[in-house]
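The values are calculated or read from the model by the stated rules, or taken from the named source; none is laboratory data. Worth saying up front: this structure is predicted, and the values here are computed from it rather than measured. No Cβ is skipped: glycine too gets one built from the backbone with ideal geometry, and neighbour counts run over all protein chains shown. We work out accessible area using only protein heavy atoms, side chains counted, and drop any ligands, DNA or RNA first. Shrake-Rupley method; radii C 1.70, N 1.55, O 1.52, S 1.80 Å.
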Amino acid sequence: MDSRTVALIRTTFKAVAAEEGGPEKLARSFYAILFTDYPQVRDFFPAALDAQRDRLVKAIAYVVDRLEEPDKLLPFLAQLGRDHRKYGVVAEHYAAVGKSLKSAMQAYAGTEMWTDEVDRAWDEGLGVIASTMISAAEQEGTPPVWTGTVIEHREVLRNLAIVRLQLDQPMQYAAGQYMSVQIPSRPRMWRYLSPAIPANASGELEFHIRGVTGGWVSPAMVGHTRVGEKWLIGSPLGGLGVPRDTRRKMLMIGCGTGIAPLRAQLMAMTARRSNPKVDLFVGGHYPCDLYDLEILSQLARANKWLTVNPVTESNENPWWHFADSEEPGELPGLQPRRVGQIGKIVVGFGPWADLDVQIVGSPSMVQTTKFRLMAAGTPTQNIRHDPLF
């Protein structure tokens, strides 16, 4: 796509999204058109579409913002195409989605903005997206979905559990990637989780899951998972991973269960002959949120290139936490725990301008920490995180 085409797509989308209630109206209109004109696709979606509508607009915004970066956008779309095989989608479904999205956009943009040139630009953009996803799906030789049997479910906090699964066949993924997961009690409700261990020949996965208050899926994963039940796992996604250049130092920042993809990378790095120096900052609201410090302590003691810095926003545990566990500061191999907002703490240890930086956590934590690092001199291109949707 040339710059003119990209500009037309971006301008019309941002004009619609900037209106009051625009993103929600666009998503509602899209699904209404899609299900009316193509009722056969309704079975691909969950009964409740609230989360799906929000994710749709964020995904479109993510793609639109990267239309001029094909080296980043096309691999992302290819991963999505491979992942969407789990739904059983084929080329005609992509055409239905594209036509419905364009119709919804046209309805809200209005005749004055939606010119013939804009119409052609959207046709070209949607064509690139669909063809990239379809091609990747057709060329992929791995299963569209894996089945995993729960072999361990352990609640480590009131709202956080560690779940281990045995896959029906091994899955190859890069440490740091994530994948979509569906549990039997929530059909058609896929959620993204990151393995906390590298890929292995025995086909085991380990997920760290925090229950989101009011959520449909995560509370069920934390509180109601039973050993023996079958989960479905989609294709691996994401671009996080250990750089091949072992000379470049790394900064890793993770909050809560965001430690999972970082820990998986650290475990993978232990099998390499040489590694860069890694500074890991792991954060939580309370000391008890640093639930994985024992494993990190073992990694730090065994690998001199790793420095682990615990950070909490509060110095005391909440009233509901009664676990008689060892305080994080007492574990060997760790730096003293610091109290404060993790972004401020990390920036105070800088500068980090020349490092490869990875941030994992909630969207607000990732954005806040990223902006603090950028303001302190870290180039944007040095900072990596997964899409925030």
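Contact map, region 281-309: first residue within 14 Å of Gln335 (Cα to Cα) and in contact (Cβ under 8 Å) with a residue 60 or more places away in the chain, second residue open to solvent by 20 Å² or more (accessible area, probe 1.4 Å) and of a type in the set (Phe, Trp, Tyr), Cβ cut-off under 9 Å, separation 6 or more or different chains; pairs are Phe281/Phe349. Looking at this structure, is Arg301 open to solvent by 40 Å² or more (accessible area, probe 1.4 Å), within 14 Å of Val278 (Cα to Cα) and touching a Gly at 6+ places or on another chain (Cβ under 8 Å)? In short, yes.
Take the residues of region 226-264 that are among the polar types (S, T, N, Q) and under 22 Å from the mean Cα position of the chain (by Cα): which is farthest from Gln169 (Cα to Cα)? Quick ask: steps written out before the conclusion?
Residues of region 226-264 that are among the polar types (S, T, N, Q), as a first pass: 235, 246, 257.
From what is left, the residues that are under 22 Å from the mean Cα position of the chain (by Cα) are 235, 257.
On the way: Ser235: 13, Thr257: 26 Å.
In this case the residue turns out to be Thr257.
Restricted to region 226-245, and to residues there that are touching a Lys or Arg at 6+ places or on another chain (Cβ under 9 Å) and of a type in the set (Val, Ile, Thr), the residue that is most open to solvent (accessible area, probe 1.4 Å) is Val242. Please indicate, with yes or no, whether at least one residue in region 173-187 is closer than 30 Å to Thr12 by Cβ, touching a strand residue (DSSP E or B) at 6+ places or on another chain (Cβ under 6 Å) and open to solvent by less than 20 Å² (accessible area, probe 1.4 Å). So far as region 173-187 goes, yes, one or more of its residues are closer than 30 Å to Thr12 by Cβ, touching a strand residue (DSSP E or B) at 6+ places or on another chain (Cβ under 6 Å) and open to solvent by less than 20 Å² (accessible area, probe 1.4 Å).
Of the residues in region 33-42, how many are free of Cβ contacts under 8 Å to residues at least 60 places away in the same chain and more than 12 Å from His93 (Cα to Cα)? Looking only at that region, the number is 1. Kindly indicate which of Arg154, Arg158, Arg164 is open to solvent by 30 Å² or more (accessible area, probe 1.4 Å), within 30 Å of Leu290 (Cβ to Cβ) and without any contact (Cβ under 8 Å) to a residue 12 or more places away in the chain. Arg154 is the lone residue from the list that is open to solvent by 30 Å² or more (accessible area, probe 1.4 Å), within 30 Å of Leu290 (Cβ to Cβ) and without any contact (Cβ under 8 Å) to a residue 12 or more places away in the chain.
Any residue that is assigned to a strand (DSSP E or B), β-branched (Val, Ile, Thr) and surrounded by 22 or more Cβ atoms within 10 Å (Cβ to Cβ) - is there at least one of those in region 270-279? Give the steps one after another, and end with the answer.
Restricting attention to region 270-279, the residues satisfying the condition of being assigned to a strand (DSSP E or B) are 278-279.
Narrowing further to those that are β-branched (Val, Ile, Thr): 278.
Restricting the remaining residues to those that are surrounded by 22 or more Cβ atoms within 10 Å (Cβ to Cβ) gives 278.
Within region 270-279 (the criterion being assigned to a strand (DSSP E or B), β-branched (Val, Ile, Thr) and surrounded by 22 or more Cβ atoms within 10 Å (Cβ to Cβ)), the answer is yes, since at least one residue qualifies.
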